[in-house]
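Taking it in order: structure first as structure tokens, then the write-up.
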């Protein structure tokens, strides 16, 4: 499969991208989660889509193969939206499908709602977080189902500000094994990519854990604007996802004509947990959009 890679100038530094495939269909631009994570896990599952269309992955500034500036004022949603616009312009993606995962859905939604860009043929919201408050509510519900000693450890260390402790990290693992990835052991690519992530970005924008939003995203909520999205949209999540199916269905209900699918044997990384089904659902949606 043909591939190319390079760097693109964006506000604050250079971002690294790779493009796989050169099929005839509309390119797919993939927005990774985090904030501060990398493209690698998504690429490991979605690269085969390059057999029918160009698929573009990039590491957002500060993580992965991209430059790592130390200026924490760069870690704002608006700057990442501008970065996305730069990537699209540099690669001449006049028509494009967007697939955002987790934080990448915030990025995709902000780009589509605030910029109203021309040429975006569809948006896929994979395990969406479109309201930090609803995410926190769902997390609190899941936390209440954990063993009592795990709940106590999490509450104690968050209250004391000792979230770097081994006990807190062990308690997080219990939550993550239920609601992030249910494969045991986790796929090696998840472990490898964690070493290339940028925890400072995550802390600045989100907080010390998935269920503790303290950063500048803690008030993020675009649900009031979701009815303004007029392009074909698909909402997908896992049955055990921290992006809870009930909440994901709610987002879907706000976007006219959008689709909705739950992967029954997945948590937050359904593209790794049920790769074949994920590719089938996403591929079917893209082909339907292109046939209309």
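Taken together, the values in this text are just the output of simple stated rules run on the coordinates, not laboratory data. Here the structure is a predicted model, which means the values were calculated and not measured. Every residue, glycine among them, receives a Cβ derived from its backbone with ideal geometry; neighbour counts consider all protein chains shown.
Summed over the range 84-100, residues that are in contact (Cβ under 8 Å) with a residue 40 or more places away in the chain and either part of a strand (DSSP E or B) or more than 14 Å from residue 16 (Cα to Cα) (or both) total 7.
Selection of the range 18-38 for residues being without any contact (Cβ under 8 Å) to a residue 40 or more places away in the chain and part of a loop (DSSP other than H, G, I, E, B) yields 21, 22, 23, 24. In the range 254-292, of all residues being part of a loop (DSSP other than H, G, I, E, B) and more than 16 Å from the chain's Cα centre (by Cα), the one that is nearest to residue 42 (Cα to Cα) corresponds to 274. Reported count of residues in the range 39-65, each being in a loop (DSSP other than H, G, I, E, B) and under 10 Å from the mean Cα position of the chain (by Cα), is 1.
Of 15, 55, 81, which residue is free of Cβ contacts under 8 Å to residues at least 40 places away in the same chain, in contact with a helix residue (DSSP H, G or I) (Cβ under 7 Å, 6 or more places away or on another chain) and crowded, with 24+ Cβ neighbours inside 10 Å?
Just a single option satisfies the conditions, and that option is 55.
Can you work out which of the residues in the range 183-199 that are touching a residue at least 24 places away in the same chain (Cβ under 8 Å) and more than 17 Å from the chain's Cα centre (by Cα) is nearest to residue 78 (Cα to Cα)? Taking the candidates together, the pick is 192.
Looking only at residues of the range 114-134 that are over 17 Å from residue 221 (Cα atoms) and in contact (Cβ under 8 Å) with a residue 24 or more places away in the chain, we find that the one that is surrounded by the most Cβ atoms within 10 Å (Cβ to Cβ) is 124.
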